[in-house]
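The values are calculated or read from the model by the stated rules, or taken from the named source; none is laboratory data. These numbers were taken from a predicted model, which means no experiment stands behind them. Note that each Cβ is placed from the backbone with ideal geometry, even for glycine, and that neighbours are counted across all protein chains shown.
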């Protein structure tokens, strides 16, 4: 075969064929990547749209499961979230006093703790912590159901897995993330106050003066809306990754890992999105 | 079990929601019982005042700014929420001013008579108080404006320093030194002239004294002769002549006394002038010798160099002050 090729081709044609093959490979790679990306986008969009439709369609299916998921995703996650928030508040207070170094009045510790906790740290740190706990949990659970063909069994019996498996988790995430974050805000600012009083010898009136100085209800609204979006994103990603699991136990592990990674990335992307679309320019209007 | 979970989840959700609402209301100092009273003030401009800023009466926080809204005819209406226990002074006015260097503003309620002596502020207050329904208000300049004025002052000082440096250069110092030396020389010449003429004045004075003595003697002789004539003659003509001669003699004596007195004064003046010239000469000699502060100022170039160095440092200080006013101006309010 090789001899025949060498006989058929004119002299010098092999050198010209190699760059053409490389170019075709590169273009093919780009095309393949584009097609894969578009396919993933389409699958994800259809998954989100189906979930939205399922919320409106099968209320009786998802409603009983939702409270159970609220407990598992929200209430059960409360200790780790509050633990993170309390230490964040303490560290913030100490960092603020260290940074001010006498140049800025110490009651601004209260301002910094309140603003940072409510606007950014409580939603994002809690979201990241819950992305690890909740996202991995959902992906592993649904992934196991997929590889053990429990999901297939549901479909065979004529049940749509979305209202039964996905919608309760997404709704629970959207409702409970703000609840957990609200508790984190209170605990974070409270921890900052205790640290300021005990470690920085700042009086309670001074700390509260700093908290009230630039406080706006918008701070809390912004943090809670942001955390609700984090909750929906984390649970959707976990469900999507779990239901697309393939390859047994290894596939389940891979699905859990990718759910955590995608959730963390999405939280940061959404954080920037909200900052650009909502926070930017709001300061002048307050 | 399911029922228990539902109740627990619902309870925790409600608890967190309630805690959040209470916390926000506490931080915002919400007035649910409507016990606080609203006061409305009118301003032309509110600077950087914001909702939530403190309302201060006699240095005590007695409320906060509740709302700020634009009003017709270029006015800004500020709603103040004040504690019920706070009593405003008689004829109150509201001043918006910075309470710290960190963007914090406050609304200070004071009596109109306690307004700062600033024509702009007083005019603003008078204009804002014309409607009679709201408290009149004015805004005091912020740190930015004060810094700008300080920068302008620093620029003026730098300009003055520059001009002083231009006027008092090395050439000027040299000329000043030469002028003082010339005055010293002139004084020395004058002293010599006065000494020379002092001898002549002594001679003149002696001659005058001699002349006066002679005149005195002559007058006595005339008087004696007249007396003799008076006693010798009894006729009225002769008596008249004698009388005239007596008067002339008296006037001559008086003139002689005046000349003597003038001569004495002249001698005294000469002595004083001599002493003054001697003293001046001594001082100028010291200056020329470089003794004392004035002598050092005239003869020692170190003085000029130090003055020149001082001006250079002053200009650097002013430039640094303009560049970093906060380094030198420290306003502490808390």
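Values computed for the structure shown
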read-out	value
Residue in segment A:162-184 that is more than 14 Å from chain B (Cβ to nearest Cβ), without any contact (Cβ under 8 Å) to a residue 60 or more places away in the chain, part of a helix (DSSP H, G or I) and surrounded by fewer than 23 Cβ atoms within 10 Å (Cβ to Cβ) present	no
Qualifying positions in segment A:220-232 - surrounded by fewer than 22 Cβ atoms within 10 Å (Cβ to Cβ) and within 12 Å of chain B (Cβ to nearest Cβ)	A:221, A:224
Search result, residues across segment B:1-52 that are touching a helix residue (DSSP H, G or I) at 6+ places or on another chain (Cβ under 9 Å) and either touching a residue at least 40 places away in the same chain (Cβ under 8 Å) or at positive phi (or both)	B:29, B:41, B:42, B:43, B:44, B:45, B:52
Scan of segment A:73-109 for residues that are under 25 Å from the mean Cα position of the chain (by Cα), at the interface with chain B (Cβ under 10 Å from one of its Cβ atoms) and surrounded by 21 or more Cβ atoms within 10 Å (Cβ to Cβ), ordered by number	A:74
Total residues in segment A:233-265, condition part of a helix (DSSP H, G or I) and surrounded by fewer than 21 Cβ atoms within 10 Å (Cβ to Cβ)	13
Among the residues listed as A:197, A:134, the single one being in a helix (DSSP H, G or I) and under 25 Å from residue A:114 (Cβ atoms)	A:197
Residues (under 39 Å from the mean Cα position of the chain (by Cα) and surrounded by fewer than 15 Cβ atoms within 10 Å (Cβ to Cβ)) located in segment B:245-280	B:276, B:279
Exclusive hit being away from every other protein chain (no Cβ under 14 Å) and under 30 Å from residue B:313 (Cβ atoms), set B:109, B:94, B:164	B:164
Checklist (1) within 14 Å of another protein chain (Cβ to nearest Cβ); (2) over 39 Å from the mean Cα position of the chain (by Cα); (3) more than 24 Å from residue B:30 (Cβ to Cβ); (4) surrounded by 14 or more Cβ atoms within 10 Å (Cβ to Cβ) applied to residue B:100, failing item	(2)
Contacts under 7 angstrom Cβ, first residue in segment B:153-169 being outside any helix (DSSP H, G or I), partner surrounded by 11 or more Cβ atoms within 10 Å (Cβ to Cβ), 6 or more apart	B:168/B:307
Segment A:200-214: number of residues that are at the interface with chain B (Cβ under 8 Å from one of its Cβ atoms) and not in a helix (DSSP H, G or I)	1
Residue in segment A:144-155 that is part of a helix (DSSP H, G or I) and either crowded, with 24+ Cβ neighbours inside 10 Å or within 14 Å of another protein chain (Cβ to nearest Cβ) (or both) present	no
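Residues checked against (1) at pLDDT 85 or above; (2) farther than 19 Å from residue A:206 by Cα; (3) in a strand (DSSP E or B):
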position: B:33; (1), (2), (3): no, yes, no
position: B:45; (1), (2), (3): yes, yes, no
position: B:63; (1), (2), (3): yes, no, yes
position: B:67; (1), (2), (3): yes, yes, yes
position: B:85; (1), (2), (3): yes, yes, no
position: B:95; (1), (2), (3): yes, yes, yes
position: B:102; (1), (2), (3): no, no, no
position: B:110; (1), (2), (3): yes, yes, yes
position: B:113; (1), (2), (3): yes, yes, no
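Table: residues versus (1) exposed (fewer than 13 other Cβ atoms within 10 Å of the Cβ); (2) closer than 16 Å to residue B:277 by Cβ.
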site	(1), (2)
B:154	no, no
B:171	yes, no
B:180	no, no
B:186	yes, yes
B:189	yes, yes
B:212	no, no
